[in-house]
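Below you'll find the structure, written out as structure tokens, and then a few comments.
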Amino acid sequence: MKIKRAEKYGFCSGVRIADLKVKRFAAGGGRGAILGQVVHNERVVEEMEKLGVRTVEEIAAVKEPTIVFSAHGVPPSFHSRAKSTGLQVLDTTCKFVYDIHREAKQALENGYHLVFIGDPKHREVIGYTNDLDPSAYHIISTIEGAREVEWTQFEKIKIFYQTTLNSADFEDVVRAIENVARRVDRADTICYATKENQDAARVLAEDPEIDVIVVIGGKKSANTKHLWEICRESKPSYLIQGADDLEATWFDGAEVVGVTAGSSTPDYVIEEVEHRIATF
Ligand code: SF4
């Protein structure tokens, strides 16, 4: 069986830097706890725990001297809260996420009502909205949600996307707002890394040589799930976390297997999967 990797896959620059920062910190003897997963990948979380940097769900649970903020970022107030409880901060927030924080702040100052297209429970979206007055923004994820709001009450609206979304999937949602609102501007906030991985997954899925596709990534990773959705439109596709999830029967009669991975999947997990496929 031949394996063909997507042209672009796996760790994005933001996650690569976050991963490196935490590893360097641990190697230097640092003791800390990460607020939420440093990246959405269970293997990376386990690896960090082995290095002595566990994952916690709230600032109050940190017993170590340092709190680590993940690549997805946190609400600005979390920095001052952590410091006021005597914690040091290791900030691994991706610079693209900070760009959106800045652009949203500027839009607010310029009189826009903010609309975040995304998952209200996602840490990145919580980071943008938690500190804002609830009347200053909406978080919308469905067309039904978009239709429930009286958009004409706002003079101008600025749309932001959660970085890891496939904007094409939400075109109808944004159009539903644009069709009724007085003025709508869109911020270009889909991360290039996500887009490149998605475009490459599309090419992989349309490759006539490929019989079946394996998409590797964490269970909670939104961008991995999007890659899987793209692939399964054209080919039998399986979403796995690692080599142990593979089933030999998926590859019955297959000659060429396509492989891609979400932006929080480390290279060694991809290699383990490919080695296991080669044994079938
Ligand atoms: S997907 Fe993009 S925005 Fe998110 S961490 Fe990676 S580089 Fe940053």
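The values are calculated or read from the model by the stated rules, or taken from the named source; none is laboratory data. Remember, predicted model here, so these are calculated numbers, not experimental data. Cβ placement follows ideal geometry from the backbone for every residue including glycine, while neighbour counts extend to all protein chains displayed.
Answer yes if at least one residue in segment 223-238 is of a type in the set (A, V, I, L, M) and over 14 Å from TYR9 (Cβ atoms), and no otherwise.
So far as segment 223-238 goes, no, none of its residues is of a type in the set (A, V, I, L, M) and over 14 Å from TYR9 (Cβ atoms).
Among what's in segment 169-190 and is assigned to a helix (DSSP H, G or I) and either at pLDDT 90 or above or in contact with a Cys (Cβ under 7 Å, 6 or more places away or on another chain) (or both), pick the residue that is surrounded by the most Cβ atoms within 10 Å (Cβ to Cβ).
Residue satisfying both the conditions and the ranking: ILE177.
If we keep just the residues of segment 191-210 that are aliphatic (A, V, I, L, M) and crowded, with 19+ Cβ neighbours inside 10 Å, which is farthest from TYR9 (Cα to Cα)?
So the residue we want is ILE210.
Across segment 11-59, what is the number of residues that are assigned to a helix (DSSP H, G or I), within 15 Å of the ligand (Cβ to nearest atom) and either in contact (Cβ under 8 Å) with a residue 12 or more places away in the chain or not hydrophobic (A, V, I, L, M, F, W, C) (or both)?
Number satisfying all stated conditions: 10.
Taking segment 255-270 as the region of interest, how many residues are surrounded by fewer than 17 Cβ atoms within 10 Å (Cβ to Cβ) and out of contact with any helix residue (DSSP H, G or I) (no Cβ under 9 Å at 6 or more places or on another chain)?
3
Consider only pairs whose beta carbons are under 8 Å apart and that are at least six residues apart or on different chains; among these, list those whose first residue lies in segment 86-111 and is under 15 Å from VAL125 (Cβ atoms) and whose second residue is outside any helix (DSSP H, G or I) and charged (D, E, K, R).
ALA104/LYS158
Can you tell me which residues in segment 34-53 are more than 21 Å from ILE270 (Cβ to Cβ) and buried (at least 17 other Cβ atoms within 10 Å of the Cβ)?
ILE34, LEU35, GLY36, VAL53, listed by residue number.
If I filter segment 61-68 for residues that are within 16 Å of the ligand (Cβ to nearest atom) and closer than 23 Å to PRO266 by Cβ, do I get at least one hit?
Yes, there is a match, as at least one residue in segment 61-68 is within 16 Å of the ligand (Cβ to nearest atom) and closer than 23 Å to PRO266 by Cβ.
State whether the residues of segment 191-207 include one that is away from the ligand (no atom under 14 Å from the Cβ), within 22 Å of MET1 (Cα to Cα) and assigned to a loop (DSSP other than H, G, I, E, B).
There is at least one residue in segment 191-207 that is away from the ligand (no atom under 14 Å from the Cβ), within 22 Å of MET1 (Cα to Cα) and assigned to a loop (DSSP other than H, G, I, E, B).
Among residues belonging to segment 211-227 that are surrounded by fewer than 22 Cβ atoms within 10 Å (Cβ to Cβ) and at pLDDT 95 or above, point out the one that is nearest to the ligand (Cβ to nearest atom).
Step by step, filter segment 211-227, then rank; the result is VAL212.
If GLU103 satisfies every condition in (1) assigned by TED's automatic domain parsing to the domain that holds LEU35; (2) under 24 Å from the mean Cα position of the chain (by Cα); (3) within 18 Å of ASN130 (Cα to Cα) but one, which is the exception?
(1)
Which numbered condition trips up VAL273, out of (1) within 16 Å of the ligand (Cβ to nearest atom); (2) in a helix (DSSP H, G or I); (3) surrounded by 21 or more Cβ atoms within 10 Å (Cβ to Cβ)?
It is condition (1) that VAL273 fails.
In the set ALA193, ALA104, which member is of a type in the set (A, V, I, L, M) and at pLDDT below 95?
Selected residue: ALA193, the only one of ALA193, ALA104 that is of a type in the set (A, V, I, L, M) and at pLDDT below 95.
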